[in-house]
1. Identify, please: which residue in segment 346-358 is surrounded by 15 or more Cβ atoms within 10 Å (Cβ to Cβ) and more than 12 Å from the ligand (Cβ to nearest atom) and is, among those, nearest to residue 236 (Cα to Cα)?
2. Show the residue pairs meeting these rules: Cβ distance below 8 Å; 6+ apart or different chains; first residue within segment 376-393 and at positive phi; second residue at pLDDT 75 or above and of a type in the set (S, T, N, Q).
3. So which helices (runs of 4 or more DSSP H) are wholly in segment 1-109 and hold at least 2 residues that are assigned by TED's automatic domain parsing to the domain that holds residue 129 and more than 23 Å from residue 138 (Cα to Cα)?
4. Of the numbered conditions (1) part of a strand (DSSP E or B); (2) open to solvent by less than 30 Å² (accessible area, probe 1.4 Å); (3) in contact with a Lys or Arg (Cβ under 8 Å, 6 or more places away or on another chain), residue 186 satisfies every one except a single condition; which is it?
5. Six or more apart or on different chains, Cβ atoms under 8 Å: show the pairs whose first residue is in segment 16-31 and within 26 Å of residue 125 (Cα to Cα) and whose second is of a type in the set (Lys, Arg) and open to solvent by 20 Å² or more (accessible area, probe 1.4 Å).
6. Would a scan of segment 390-408 turn up a residue that is assigned by TED's automatic domain parsing to the domain that holds residue 313, open to solvent by 30 Å² or more (accessible area, probe 1.4 Å), touching a strand residue (DSSP E or B) at 6+ places or on another chain (Cβ under 7 Å) and within 13 Å of the ligand (Cβ to nearest atom)?
7. With segment 239-303 as the region, which strands (runs of 3 or more DSSP E) entirely inside it contain at least 2 residues that are surrounded by fewer than 18 Cβ atoms within 10 Å (Cβ to Cβ) and not β-branched (Val, Ile, Thr)?
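The values are calculated or read from the model by the stated rules, or taken from the named source; none is laboratory data. These numbers come from a predicted model, not from an experiment. Here Cβ is always computed from backbone atoms with ideal geometry, including for glycine, and neighbour counts include all displayed protein chains. Accessible surface areas use protein heavy atoms only, side chains included; no ligands, DNA or RNA. Shrake-Rupley method; radii C 1.70, N 1.55, O 1.52, S 1.80 Å.
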Amino acid sequence: MSLKGKHIVLGITGSIAAYKSAILTRLLIKKGAEVQIVITAAGKEFITPVTLSALSGRPVINEFFATGDGTWHSHVDLGLWADIMLIAPATASTLGKMVSGIADNMLITTYLSMKAPVFVAPAMDLDMFKHVTTQRNIKQLQSDGVIIIDPGVGELASHLEGKGRMEEPENIVKILEAYFKAELELTNTEQDQTNTEWSQTVIEKGKTITEQYQNVSEKNLLKKKVLITAGPTYEKIDPVRFIGNYSSGKMGFAIAEECANRGAEVILVTGPTALNITHPNIKRIDVESANEMYSASISAFPQMDVAILSAAVADYRPTQQEDTKIKRNDNEDITIKLTPNPDIAAALGKIKKDNQIIVGFALETNDEENNAIKKIEKKNFNYIVLNSLNDAGAGFGLDTNKITIISNQGDKTTFSLKSKFEVAKDIINTTLFNKTVKTDINNPNKSG
Ligand code: CTP
């Protein structure tokens, strides 16, 4: 009963795949969900409300007012009631109406009132799906925060073979189960977020999970081995105190997830962080100090194809670590002497072979590009990802980042402010696939 008590608004539109919605409803109910179906007039031509209400145990909504007694169906209440909205199947026409906000049926008004994440499973003929208009609408919906469950390839109602078949109900249910599981984990770790940040986090999670389950992200890192360092390091002063920094590990974790989604085998060496990550391709090694991170990284690196070093490693550690808690003495200042930590990046740079790639990070406050270029040379990086603390929305603890990537050949690419998941994609595309676009193609006006 992995969906126990979850409120799901299921939108059904006029596609032959609407027959699959009956199976979908049954599966959702079996998993414990409460399902409220909203169907369009065209949807009713393909499957009857009687079947659907019998399966869902609730009257099916298809009009603004119940024809019998004139009861008003409140799309606003549905928007508040839902834990998610799922539109399956979604026709090309519904996608277009969603993009433009053409609220001429109950399903679109419900979509426009929705407070919860919206999943959409398109279904249509292959040429309609390929059409520039449909593709543009899908892109727009994705950037509006809608999670698209990509259609599969196979025989279509037209008897043609191609992409356009609605994802199988069993897989849609798996995606939703994984989404709610991840949401629960996020609830435990990301409690401090504002409502807007929270919606962004759950939507990104939903997108990643959907891609993972559908294997739609390009598997272009299959058989590649990637080492990633992430998070801060803690350098012990005494048994209860340490020197650390504000790194949350979010950027490194997003990169690890994206590499794993693309088929890479990932070793994620992380300092202390509150983040969870569960992916069969990720081996997580938890460390605390720079010395521990150094040992784990140096022993893994010779077998790796790539190292992406996003950790905020402490440059120094207390020379002496006290065995017992340092006691307060009001009459004396105390001094903590510091010793330099090993430079993990420089050490890996020294043993790097020609077929290995190292991507380093630089967080700068002034003379950013020159400092970053110096680090490329000093640490033998192939690329450096530059964050400037002067950019609003970039830096420690945030869910967004704004980066510039500089190569050891002098190529420079500047990106606009994006979620760390999107930034992870940009880093991988630019550094591992040599895409040296000079400005961010998604947002040319904003990049410099
Ligand atoms: N790095 C590392 N080991 C360290 C310090 C840094 O692996 N002991 C890595 C970071 O993960 C990052 C890159 O080196 O990829 C740049 O880190 P940064 O702290 O900016 O560089 P530093 O060499 O410490 O230079 P500075 O503090 O003078 O800016």
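1. Among them, the one singled out is 352.
2. Cβ pairs passing all conditions: 393/400; 393/401.
3. Details: elements: 18-30, 41-46, 49-56, 75-81, 92-100.
Helices (runs of 4 or more DSSP H) meeting the threshold: 18-30, 41-46, 49-56, 75-81.
4. Of everything listed in (1) part of a strand (DSSP E or B); (2) open to solvent by less than 30 Å² (accessible area, probe 1.4 Å); (3) in contact with a Lys or Arg (Cβ under 8 Å, 6 or more places away or on another chain), residue 186 misses just condition (1).
5. If the second residue must be of a type in the set (Lys, Arg) and open to solvent by 20 Å² or more (accessible area, probe 1.4 Å), the pairs left are 17/165.
6. Checked segment 390-408: no residue is assigned by TED's automatic domain parsing to the domain that holds residue 313, open to solvent by 30 Å² or more (accessible area, probe 1.4 Å), touching a strand residue (DSSP E or B) at 6+ places or on another chain (Cβ under 7 Å) and within 13 Å of the ligand (Cβ to nearest atom).
7. Values: elements: 241-243, 265-270, 282-286.
Output list reads 282-286.
Residue-by-condition table, conditions (1) of a type outside the set (A, V, I, L, M, F, W, C); (2) open to solvent by less than 20 Å² (accessible area, probe 1.4 Å); (3) outside the structural domain of residue 198 (by TED's automatic domain parsing):
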{"position": "121", "(1), (2), (3)": "no, yes, no"}
{"position": "128", "(1), (2), (3)": "no, no, no"}
{"position": "131", "(1), (2), (3)": "yes, no, no"}
{"position": "136", "(1), (2), (3)": "yes, no, no"}
{"position": "141", "(1), (2), (3)": "no, yes, no"}
{"position": "144", "(1), (2), (3)": "yes, no, no"}
{"position": "150", "(1), (2), (3)": "yes, no, no"}
{"position": "156", "(1), (2), (3)": "no, yes, no"}
{"position": "159", "(1), (2), (3)": "yes, no, no"}
